[in-house]
Amino acid sequence: QLQLVESGGGLVQPGGSLRLSCIASGFTLDYYAIGWFRQAPGKEREGVSCITSSGNYADSVKGRFTISRDNAKNTVYLQMNSLKSEDTAIYYCAARYRLYPTCGLGVTSYSAWGQGTQVTVSS
């Protein structure tokens, strides 16, 4: 069984930083693309970033967020800097079998999902 568990969310002030972790079990990351998605109240779930051998980012977070992976630990990280109130959302990690060197941010492309972790950016 494929499982993903997110952690690292919390309350931070605007301009602050958080690092989210996604720990995978039941499979190894080598053959999978991992994506980070978020859903804010009243909005649809959107892709934030994904990684295969390199990262891909939504325009809204480009230059502020960095995705990385440690295959030995079966963990993917999302380093979030210069956080804005607009970043407030539940953040999910998701996995799909890797078919190409690059990855996409379409929600429907990912089949395994974590439970989510809340990120709140507020003064």
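The values are calculated or read from the model by the stated rules, or taken from the named source; none is laboratory data. Just so it is clear, the structure is predicted and the values come from calculations on it, not from any experiment. Every residue, glycine among them, receives a Cβ derived from its backbone with ideal geometry; neighbour counts consider all protein chains shown. In case anyone asks, the SASA skips ligands and DNA or RNA and just uses the protein heavy atoms, side chains included. Shrake-Rupley method; radii C 1.70, N 1.55, O 1.52, S 1.80 Å.
Provide a single number: the residues in region 1-23 that are farther than 25 Å from K62 by Cβ and either among the aliphatic types (A, V, I, L, M) or over 17 Å from the mean Cα position of the chain (by Cα) (or both).
Selection size over region 1-23: 4.
Go through region 65-106 and report how many residues are among the aliphatic types (A, V, I, L, M) and open to solvent by less than 10 Å² (accessible area, probe 1.4 Å).
Of the residues in that region, 7 qualify.
So, in region 26-54, how many residues would count as being open to solvent by less than 50 Å² (accessible area, probe 1.4 Å) and either outside any strand (DSSP E or B) or of a type outside the set (F, W, Y) (or both)?
Matching residues across region 26-54 total 13.
Which of the residues belonging to region 25-47 are aliphatic (A, V, I, L, M) and touching a helix residue (DSSP H, G or I) at 6+ places or on another chain (Cβ under 9 Å)?
If the condition is that a residue be aliphatic (A, V, I, L, M) and touching a helix residue (DSSP H, G or I) at 6+ places or on another chain (Cβ under 9 Å), then L29, A33, A40 are the ones that fit.
Just the residues that are within 17 Å of Y92 (Cβ to Cβ) and either among the acidic types (D, E) or not in a loop (DSSP other than H, G, I, E, B) (or both), please, taken from region 1-19.
Q3, L4, V5, E6, S7, G10, L18, R19
Going through R69, R96 one at a time, which residue ends up being in a strand (DSSP E or B), among the charged types (D, E, K, R) and in contact (Cβ under 8 Å) with a residue 60 or more places away in the chain?
Exactly one residue qualifies, and that residue is R96.
Can you run down the residue pairs with Cβ atoms below 9 Å, 6 or more apart or on separate chains, where the first is in region 99-123 and modelled with pLDDT under 90 and the partner is surrounded by fewer than 17 Cβ atoms within 10 Å (Cβ to Cβ)?
From region 99-123, the pairs are P101/S53; P101/S54; T102/S53; T102/S54.
Kindly indicate whether C22 is open to solvent by less than 20 Å² (accessible area, probe 1.4 Å), out of contact with any Asp or Glu (no Cβ under 6 Å at 6 or more places or on another chain), modelled with pLDDT of 95 or more and part of a strand (DSSP E or B).
no
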